[in-house]
Amino acid sequence: MTEKEFAKYFPSLEKGLIEELSKVGEVKTLAAGEVLIRTGQNIRSAMLVLGGLIKIYREDDQGNEFFIYHLDAGKACAISLVCALGKETSGLMAKAVTDATVLSIPLHKVDEWMGKYKSWAQFAVSTYRERFDELLQTIDHIAFRNMDERLVFYLKRHQEKLNTNVLTLSYTQVAQELNSSREVISRLMKKLSERGIVKIQGSQVELVNLDKAL
């Protein structure tokens, strides 16, 4: 990948840093469904997303997933930044929702650039803040919203991140990520369909007017 392409994804980073990114960064491609980071994994590099969509989530001992937030092109994985700098293990999971491309940055460079490039330090702080805000938003919905509102919020975030009104969804997966049951999700989706908010066709859900449900 060229320096010009890196600059397009990360316009806030200064020229010298972009040059280093292109030299030391390792571009990796992921297939949809491929796990990027596992709970308990030693993190030895930072991950920047170049394309596709990455899901960040928690997983319990039974393998149930709880969705937290998405990362798309131009975003950095805050987990990898924090864990790489502290030489710690991950407490979360990261998985490719679609085919994706990420840039892996060596541990020693993550630390070195903090003092060398102001734009890198600002980028890291901005990443922490954005991910923290998204985490707070998720917590707010868990604590203060009913499941039907959480489902609409979930659908809206997928609509925005995937930039499409037609989603291919498994009710079982949605239930896992929202810490609910398949039966509850199926019933709520049926209600949304009856209200004309969504159209359900097999495993595909067309988002007609989510704002109507808000």
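The values are calculated or read from the model by the stated rules, or taken from the named source; none is laboratory data. Here the structure is a predicted model, which means the values were calculated and not measured. When we count neighbours, we look across all protein chains shown, and the Cβ atoms used for this are built from the backbone with ideal geometry, even at glycine.
Mind listing whichever residues of region 154-185 are exposed (fewer than 15 other Cβ atoms within 10 Å of the Cβ), of a type in the set (S, T, Y) and out of contact with any strand residue (DSSP E or B) (no Cβ under 9 Å at 6 or more places or on another chain)?
Those that are exposed (fewer than 15 other Cβ atoms within 10 Å of the Cβ), of a type in the set (S, T, Y) and out of contact with any strand residue (DSSP E or B) (no Cβ under 9 Å at 6 or more places or on another chain): S170, T172, S181.
Look through region 77-96, keep the residues that are within 13 Å of L36 (Cβ to Cβ) and among the aliphatic types (A, V, I, L, M), and return whichever of them is surrounded by the fewest Cβ atoms within 10 Å (Cβ to Cβ).
L92
A quick yes/no check of all residues on (1) in contact with an Asp or Glu (Cβ under 9 Å, 6 or more places away or on another chain); (2) aliphatic (A, V, I, L, M); (3) surrounded by fewer than 17 Cβ atoms within 10 Å (Cβ to Cβ):
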site	(1), (2), (3)
A46	no, yes, no
K55	yes, no, no
E65	yes, no, no
Y69	yes, no, no
A100	yes, yes, no
H108	no, no, yes
Q122	no, no, yes
Y128	no, no, yes
L136	no, yes, yes
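Within region 169-194, which residues are within 23 Å of R58 (Cα to Cα), touching a residue at least 24 places away in the same chain (Cβ under 8 Å) and of a type outside the set (S, T, N, Q)?
L169, E177, L178, V184, I185
To keep it simple, each residue is scored yes or no on (1) farther than 30 Å from S181 by Cβ; (2) modelled with pLDDT under 90.
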residue	(1), (2)
E19	yes, no
G25	yes, no
I37	no, yes
G63	no, yes
F66	no, yes
L85	yes, yes
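Return the pairs, sorted by first residue and then second, in which the second residue is part of a helix (DSSP H, G or I) and among the aliphatic types (A, V, I, L, M), the first residue lies in region 19-37 and is under 12 Å from M93 (Cα atoms), the beta carbons are less than 9 Å apart, and the residues are 6+ apart or on different chains.
Matching pairs, first to second residue: I37/I79.
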